[in-house]
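Okay, structure first, notes after.
The values are calculated or read from the model by the stated rules, or taken from the named source; none is laboratory data. Treat the numbers as computed from the prediction; the structure is a model and nothing was measured. Here the Cβ positions follow ideal geometry from the backbone for every residue, glycine too, while neighbour counts run over all protein chains shown. In case anyone asks, the SASA skips ligands and DNA or RNA and just uses the protein heavy atoms, side chains included. Shrake-Rupley method; radii C 1.70, N 1.55, O 1.52, S 1.80 Å.
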Amino acid sequence: KEKKPAEGRKHQNMQNDTKASQGQWGRAWEVDWFSLASILFLLMFAPLIVYYFIMSCAQYQCSLTDPLLDLLTGNNHLSDIWNSTPTLTYRAAVIYALWVTFQVVLYLFIPDFCHKFLPGYVGGIQEGAVTPASVVNKYEINGLQAWIITHVLWFANASFFHFFSPTISFDNWIPLLWCANILGYAVSTFAMIKGYFFPTNAKDCKFTGNFFYDYMMGIEFNPRIGKWFDFKLFFNGRPGIVAWTLINLSFAAKQQELYGQVTNSMILVNVLQGIYVLDFFWNEAWYLKTIDICHDHFGWYLGWGDCVWLPYLYTLQGLYLVYHPVQLCTAHAIGVLMLGLLGYYIFRMTNHQKDLFRRTSGNCRIWGKKPQYIECSYTSVDGTKYYSKLMTSGFWGWARHFNYTGDLMGSLAYCLACGFEHLLPYFYIIYMTILLTHRCLRDEHRCSSKYGKDWKRYTAAVPYRLLPGIF
């Protein structure tokens with residue numbers, strides 16, 4: 001039926017109002033040329049970057065320059081490098097399929113019991129943040145339980161059963177990379193198809209009309225299968241982050257197998273990254289309020305990134321130490337440990353202050369004083385007005401993203417544990433600096449759109465983003 005002109009204008013106005021109100025959330029409605037160029041670059045080269053790092057370790061003892069020099073001087077050809085790369089194997093496919101299936105079972109079918117006997121731990125059924133369409137999703141928080149069960153079984157196998165070697169991850173590292181890529185692309189493609197044809201909540205979808213942008217950044221806000229299988233929570237937390245510590249343990253086991261000892265640098269990497277992973281799962285309920293869950297749509301950026309980028313590039317320090325075992329002097333080791341623990345303390349306490357402030361609506365004490373804050377308002381898609389309080393005291397009075405500062409300190413500690421002979425293990429701090437700075441700017445752009453003049457009041461009260469007095 002043809003719309004009358006007035007009805008057409010009304011429909012267009014409603015659509016514009018929806019875009020205006022939802023524009024403050026998540027990814028963009030429209031794509032500028034720079035965003036499209038960036039996305040095309042990542043879609044084409046991010047998989048190659050991961051391959052290049054892993055191949056450099058396997059064929060060039062972790063040198064990032066030697067492969068390029070070989071190619072430029074004609075000593076080697078791309079076909080030679082590719083032919084020397086292990087292919088997908090049946091064994092790797094079975095290992096990876098069993099791993100993902102096991103994590104799905106732990107996620108879906110074993111309700112959390114840790115919150116019943118661990119004081120201070122928040123697990124079980126929890127509510128997420130309000131979505132743009134005013135939906136509040138419920139989640140089964142059981143990541144800590146999944147991590148514990150997985151690692152207990154890993155240690156039991158290593159000590160008693162010997163069903164598989166503790167070095168299983170390292171021994172199949174590149175074949176498993178192909179498996180991870182297959183899953184990453186499969187889940188990203190499925191998420192896009194689902195967003196078009198059977199979204200979980202159509203009001204929480206965004207379409208730009210640009211295939212590449214929608215594929216990478218995602219269409220659905222919270223894609224789900226059934227009541228409980230939430231794509232974002234599962235792939236952000238499982239299977240990649242559960243695997244992180246297991247991968248490091250596999251690297252440590254390989255170091256023991258090859259050299260007869262595990263170096264103190266490998267122990268530091270395992271301990272410091274293990275603390276970070278455990279912190280993630282201990283605070284998984286808090287994670288429901290972070291930018292990943294609250295604002296990012298689910299596309300290739302999260303789907304492939306969680307399957308491939310995270311487990312393969314976040315573990316480069318352990319992989320490097322298999323090829324280049326480093327025994328640090330006592331002073332260096334203590335310095336790395338202190339930096340890592342201080343970074344973790346700042347990261348955790350900054351997040352704790354915000355969480356305490358939110359849970360009590362400001363009726364608490366930060367550093368012995370009642371917290372200061374600025375009250376802001378914003379409007380959801382359905383026109384409902386909400387109010388938020390932005391804290392301007394404690395660590396949050398030092399910088400607007402001081403939790404990222406602590407995260408970067410910890411990231412630097414992982415890298416410093418590897419010594420100074422190669423650039424490869426320092427990729428992590430370089431990447432995290434770019435990622436968190438970009439996330440910081442992206443978050444502030446969204447908050448500026450969301451809160452308007454209230455955001456200007458907040459930035460005037462807390463003028464620095466990451467480094468007090470500098471940035």
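Which one is surrounded by the fewest Cβ atoms within 10 Å (Cβ to Cβ) among residues in the stretch 236-283 that are among the β-branched types (V, I, T) and in contact with a Phe, Trp or Tyr (Cβ under 9 Å, 6 or more places away or on another chain)? Working first, answer last.
Let us first name the residues in the stretch 236-283 that are among the β-branched types (V, I, T), namely 241-242, 245, 247, 262-263, 267, 269, 271, 275, 277.
Those still in the list that are in contact with a Phe, Trp or Tyr (Cβ under 9 Å, 6 or more places away or on another chain) too: 241-242, 245, 247, 269, 275, 277.
Values: I241: 22, V242: 25, T245: 22, I247: 22, V269: 29, I275: 16, V277: 20.
Here the residue is I275.
For the stretch 406-422, indicate whether the set of residues that are surrounded by fewer than 16 Cβ atoms within 10 Å (Cβ to Cβ), of a type outside the set (A, V, I, L, M, F, W, C) and within 26 Å of G452 (Cα to Cα) is non-empty.
Let us first name the residues in the stretch 406-422 that are surrounded by fewer than 16 Cβ atoms within 10 Å (Cβ to Cβ), namely 420-421.
Okay, now just the ones that are also of a type outside the set (A, V, I, L, M, F, W, C), so 421.
From what is left, the residues that are within 26 Å of G452 (Cα to Cα) are none.
Within the stretch 406-422, none of the residues are surrounded by fewer than 16 Cβ atoms within 10 Å (Cβ to Cβ), of a type outside the set (A, V, I, L, M, F, W, C) and within 26 Å of G452 (Cα to Cα).
The rows are residues; the columns are (1) part of a helix (DSSP H, G or I); (2) of a type in the set (F, W, Y); (3) closer than 30 Å to T200 by Cα; (4) not assigned by the TED database to the domain that holds C440.
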residue: S250; (1), (2), (3), (4): yes, no, no, yes
residue: V262; (1), (2), (3), (4): no, no, no, yes
residue: V271; (1), (2), (3), (4): yes, no, no, yes
residue: Y276; (1), (2), (3), (4): yes, yes, no, yes
residue: D292; (1), (2), (3), (4): yes, no, yes, yes
residue: G305; (1), (2), (3), (4): yes, no, yes, yes
residue: W309; (1), (2), (3), (4): yes, yes, yes, yes
residue: Q317; (1), (2), (3), (4): yes, no, no, yes
residue: L321; (1), (2), (3), (4): yes, no, no, yes
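Output the qualifying pairs, or none if there are none: Cβ atoms under 9 angstrom, residues six or more apart or on different chains, first residue in the stretch 405-421 and touching a residue at least 60 places away in the same chain (Cβ under 8 Å) and more than 14 Å from T315 (Cα to Cα), second residue charged (D, E, K, R) and part of a helix (DSSP H, G or I).
So the pair list comes out as G406/R348.
Within the stretch 58-105, track down each residue that is more than 30 Å from D230 (Cα to Cα), in contact (Cβ under 8 Å) with a residue 40 or more places away in the chain and in a helix (DSSP H, G or I).
Residue satisfying the conditions is A58 alone.
Run down Y431, Y378 and say which single residue is touching a Lys or Arg at 6+ places or on another chain (Cβ under 7 Å), hydroxyl-bearing (S, T, Y) and open to solvent by less than 60 Å² (accessible area, probe 1.4 Å).
Working: Y431 fails: touching a Lys or Arg at 6+ places or on another chain (Cβ under 7 Å).
Testing whether each residue is touching a Lys or Arg at 6+ places or on another chain (Cβ under 7 Å), hydroxyl-bearing (S, T, Y) and open to solvent by less than 60 Å² (accessible area, probe 1.4 Å) leaves just Y378.
If you go through the stretch 363-384 one residue at a time, how many are among the basic types (K, R) and not in a strand (DSSP E or B)?
2
Quick check on the stretch 209-235: of everything there that is touching an Asp or Glu at 6+ places or on another chain (Cβ under 6 Å) and open to solvent by 10 Å² or more (accessible area, probe 1.4 Å), which residue is modelled with the lowest pLDDT? Working first, answer last.
Initially, the stretch 209-235 is screened for residues touching an Asp or Glu at 6+ places or on another chain (Cβ under 6 Å), giving 221, 224, 228, 235.
The next check asks that each one be open to solvent by 10 Å² or more (accessible area, probe 1.4 Å); those that pass are 224, 228, 235.
Details: R224: 93, W228: 86, F235: 94.
Ranking the candidates gives W228 first.
Among the residues of the stretch 130-137, are any in contact with a Gly (Cβ under 9 Å, 6 or more places away or on another chain), free of Cβ contacts under 8 Å to residues at least 40 places away in the same chain and under 25 Å from M55 (Cα atoms)?
No.
I'd like the full set of residues that are over 15 Å from V100 (Cβ atoms) and open to solvent by 30 Å² or more (accessible area, probe 1.4 Å), limited to the stretch 169-185.
Result: F170, D171.
Would you mind finding the one in I174, I182, I149 that is assigned to a helix (DSSP H, G or I), assigned by the TED database to the domain that holds K254, of a type outside the set (F, W, Y) and over 23 Å from W309 (Cβ atoms)? I'd like the intermediate steps shown before the answer.
Numbers: I174 fails: over 23 Å from W309 (Cβ atoms); I182 fails: over 23 Å from W309 (Cβ atoms).
Answer to the check: I149.
Going residue by residue through the stretch 225-233, is there one that turns out to be without any contact (Cβ under 8 Å) to a residue 12 or more places away in the chain, closer than 20 Å to L42 by Cα and part of a loop (DSSP other than H, G, I, E, B)?
Within the stretch 225-233, the subset without any contact (Cβ under 8 Å) to a residue 12 or more places away in the chain is 225-227.
Add one more test, that the residue is closer than 20 Å to L42 by Cα, and what stays is none.
Checked the stretch 225-233: no residue is without any contact (Cβ under 8 Å) to a residue 12 or more places away in the chain, closer than 20 Å to L42 by Cα and part of a loop (DSSP other than H, G, I, E, B).
Just a yes or no: is a residue in the stretch 68-89 surrounded by 11 or more Cβ atoms within 10 Å (Cβ to Cβ), of a type in the set (F, W, Y) and at pLDDT below 80? Outline the logic, then answer.
Residues of the stretch 68-89 that are surrounded by 11 or more Cβ atoms within 10 Å (Cβ to Cβ), as a first pass: 68-71, 76-77, 80-82, 84-86, 88-89.
Add one more test, that the residue is of a type in the set (F, W, Y), and what stays is 82.
Pick out the ones that are also at pLDDT below 80 and you get none.
So far as the stretch 68-89 goes, no, none of its residues is surrounded by 11 or more Cβ atoms within 10 Å (Cβ to Cβ), of a type in the set (F, W, Y) and at pLDDT below 80.
Which residue pairs have Cβ atoms under 6 Å apart, sit 6 or more places apart or on different chains, and have a first residue in the stretch 271-284 that is free of Cβ contacts under 8 Å to residues at least 60 places away in the same chain and a second that is crowded, with 19+ Cβ neighbours inside 10 Å?
Correct list of pairs: G274/T245.
W304 - would you say it is of a type in the set (F, W, Y) and more than 27 Å from D171 (Cβ to Cβ)?
Values: of a type in the set (F, W, Y): yes; more than 27 Å from D171 (Cβ to Cβ): no.
Here the answer is no, as W304 does not meet what is asked.
When the stretch 106-152 is examined, which residues are found to be in contact with a strand residue (DSSP E or B) (Cβ under 8 Å, 6 or more places away or on another chain), surrounded by fewer than 20 Cβ atoms within 10 Å (Cβ to Cβ) and of a type in the set (A, V, I, L, M)?
L108, V122, I125, A129, V130, V136
With respect to A180, determine if the residue is of a type in the set (A, V, I, L, M) and over 25 Å from the mean Cα position of the chain (by Cα). Spell out the reasoning first.
Details: of a type in the set (A, V, I, L, M): yes; over 25 Å from the mean Cα position of the chain (by Cα): no.
Answer is no for this residue.
Which of the residues that make up the stretch 313-324 are under 16 Å from the mean Cα position of the chain (by Cα) and open to solvent by less than 10 Å² (accessible area, probe 1.4 Å)?
L313, T315, L316
For the stretch 343-362, give me each residue that is among the polar types (S, T, N, Q) and assigned to a helix (DSSP H, G or I). First the steps, then the outcome.
Within the stretch 343-362, the first condition is being among the polar types (S, T, N, Q), and the residues that meet it are 350-351, 353, 360-361.
Matches in the stretch 343-362: T350, N351, Q353.
Being assigned to a loop (DSSP other than H, G, I, E, B) and open to solvent by less than 50 Å² (accessible area, probe 1.4 Å) is the filter here, so list the residues in the stretch 186-208 that pass it.
Within the stretch 186-208, P199, N201, K206, T208 meet the criteria.
Which of the numbered conditions does W398 fail, given that it passes all the others? Conditions: (1) surrounded by 20 or more Cβ atoms within 10 Å (Cβ to Cβ); (2) within 30 Å of L268 (Cβ to Cβ); (3) touching a Phe, Trp or Tyr at 6+ places or on another chain (Cβ under 9 Å).
With (1) surrounded by 20 or more Cβ atoms within 10 Å (Cβ to Cβ); (2) within 30 Å of L268 (Cβ to Cβ); (3) touching a Phe, Trp or Tyr at 6+ places or on another chain (Cβ under 9 Å) applied to W398, the lone miss is (1).
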